[in-house]
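Just below is one structure, and these are the notes that go with it.
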Amino acid sequence: MELKQYWLIVKRRMVLIALIISVSCLAIGIYSYYFIKPQYQASAKLIVNQYKDSSSMLSSIDLGSINTTIGLIKTYKEIIRTPRIMKIVVKEYPELGTTYGELMSKVSVSSVNDTQVMSISVRDDSYKNAANIVNAVAVVFQKAIPELMKVDNVSVLDKADPQEFHGPVAPNPKMNIVVTFLLSLMFGVGICFLLDYLDDTIKTEEDIENILGVPVLTSIPRFKERDVTEQVNQAPLTPTAGRDNHASFDS
């Protein structure tokens, strides 16, 4: 099948494709703007230092110690989201009004490559609540590390400010509509080709040649009654011979 034939298939059902795209984009737009609760994100940063023990810091930090600390961060990232840490947060900060299971689903931990900085992020329906939660998790983790790892090498570098104004990070209605447009466009085109594949009626001369294997000698155009009436009305009026014609003779 040539590219032109593909285009003809799509062109015949362009209205169907436009309808699918319009309905899909309208539905996802309404859902994104009016039915999805906005999500806000707050972050706190921790820095992991290298210590000889719990009370004295290395006088000099070399490349090897930094690499060791970066490797230790991977362990800390897993420890933060454990039920043990989350239960301590719930116990020490009852005003948060959440369970440790909900905290585990809201908290995410990341680290910048080749740095000693960890970032704790929390998503919630309110930025103020998200900021309070992330600050509580950061403080509890800092206090719990000396007991768990027998070394005090975690410090809170930066806390989230609950009084600051931050816009929601989700949902993104514009992005949702763009993605929906692309998906519905592909779906509509796919439906067109499926309907064309299932349609076994003969529509063009090429269909006859492909099915019967013989060339088309002639074709009869389809006439509508309206076309015939228009041709008759547009025909010029000419005088006819008969009783309507009168001749006069002069004597």
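The table below lists the values:
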| item | result |
| --- | --- |
| Exposure proxy ranking, count of Cβ atoms within 10 Å, fewest first, for Lys4, Lys143 | Lys4, Lys143 |
| Top positive-direction residue, dipole computed over the stretch 119-192 with Cβ charges, set Val134, Leu183, Pro162 | Leu183 |
| Sorted by Cβ neighbour density within 10 Å, fewest at the top, the residues Ile133, Ile30 | Ile30, Ile133 |
| Three-way shape label, the stretch 112-161, alpha-carbon gyration tensor, a/c 1.5 | oblate |
| For the stretch 82-150: rounded, prolate or oblate by the Cα gyration tensor [a/c cutoff 1.5] | oblate |
| Fewest-first ranking of Phe187, Phe141, using other Cβ atoms within 10 Å as the exposure measure | Phe187, Phe141 |
| Computed E for Thr201/Val169 - FRET, C-beta separation, R0 45 angstrom, nearest 0.05 | 0.30 |
| Tensor-based shape of the stretch 165-228 (alpha-carbon gyration tensor, a/c under 1.5 rounded, otherwise prolate or oblate) | prolate |
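FYI, it's all coordinate maths here, none of it is from the lab. What you see is a predicted model, and the numbers here were worked out from it, not measured in a lab. Methodologically, a virtual Cβ is constructed for each residue, glycine included, from the backbone with ideal geometry; neighbour enumeration extends over all protein chains shown.
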